[in-house]
1. In terms of modelled amide H atoms, which long-range or inter-chain residues lie less than 5 Å from the amide H of PHE213?
2. As an exercise, identify the trypsin sites (Lys or Arg not before Pro) in segment 47-118 lying in DSSP coil whose Cβ has no more than 10 other Cβ atoms within 10 Å.
3. Counting only heavy atoms of protein chains, what accessible area per residue, in Å², does the chain have with a probe of 1.4 Å?
4. So how tilted is helix 113-131 from the main axis of the chain? Cα-based, degrees 0 to 90, rounded to 10.
5. Counting other C-beta atoms within 10 Å, and keeping those with at most 11, which DSSP coil trypsin sites (Lys or Arg not before Pro) do you find in segment 142-178?
6. Cross-link list LYS14/LYS41; LYS5/LYS129; LYS129/LYS159; LYS23/LYS89; LYS47/LYS96: which exceed 25 angstrom alpha carbon to alpha carbon?
7. In degrees, nearest 10, range 0 to 90: what is the angle between the Cα axis of helix 45-54 and the longest Cα principal axis of the chain?
8. Counting only protein heavy atoms, what percent of the accessible surface of segment 67-158 is carbon or sulfur at a 1.4 Å probe?
Amino acid sequence: LKILKDYFDLTIYKDIVDRYQVKNIKVVKWLINYLTSAVAKEVSLNKIYHDLKSKGIKLSKNTLYEYFSMLEDSFFIFALRKFEHSLKKEGFSTPKVYLDDIGFLNLFSVEDYGRRMENIAFLHLFRQKNEMPLMDVHYWKTSDGKEVDFVISEGRKVKSALQICYSLSDTKTKEREISSLLACLEYFGLREGKVITKDYESENNIGNKKIKFVPLWKWLLNDE
């Protein structure tokens, strides 16, 4: 924890505060804390702006967006956009946030293993993306709230869909994850989707769709 804390402080003061000559260090710290606690969730900067405003913290919306970009540029966070057929609409979509180093979660007592798994899966996909120029990664969400954690595309054509779920022991959780994945497969005309789990492995055929349940360790090693 001490090493992580030292690394964390170095990231704030050297990579961000000194590099960008940030004056409002208190807000940057608050933003980092907020984003770390919200890992693998949608983050609305507009909502953050109004939350800060309600607390009496004076900060322009443009400055808040600049601070968010600083955290991206320093590779402290990554912002994943929702897949949209319109690139303009996609660019304005609410991002999901992931950390470059999930060790920082230990400094903020974030013990949600499902979100940790999702962050690990994102980093794995991000590394693949760096090696494959045409590959792109987004999340997918319907207007009625059905969500799939990752859709992988080549150019603008979606090739595969991944759902991340730590445990499927709860029937309602399993049904929700599969229902969202099936909706995604239907939307993009895909025949097969994967659910990445902690240790559950199986394969189900539902109608004309195939759902593979793959343990995270196996997917990371074999990408299967």
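1. Result for PHE213 returns VAL195, SER202, GLU203, ASN204.
2. Answer by residue number: LYS55, LYS58.
3. Value returned for the chain: 55 Å² of accessible area per residue.
4. Taking the Cα atoms of the chain, the angle to 113-131 is about 90 degrees.
5. ARG156
6. Among LYS14/LYS41; LYS5/LYS129; LYS129/LYS159; LYS23/LYS89; LYS47/LYS96, the Cα-Cα distance tops 25 Å for LYS14/LYS41; LYS5/LYS129; LYS23/LYS89.
7. Tilt of helix 45-54: around 40 degrees.
8. Whole-percent figure for carbon plus sulfur exposure: 51.
The values are calculated or read from the model by the stated rules, or taken from the named source; none is laboratory data. Model, not experiment: these values are computed from the prediction. Methodologically, a virtual Cβ is constructed for each residue, glycine included, from the backbone with ideal geometry; neighbour enumeration extends over all protein chains shown. Note: accessible area is taken over every heavy atom of the protein model, side chains too, but ligands, DNA and RNA are not part of it. Shrake-Rupley method; radii C 1.70, N 1.55, O 1.52, S 1.80 Å.
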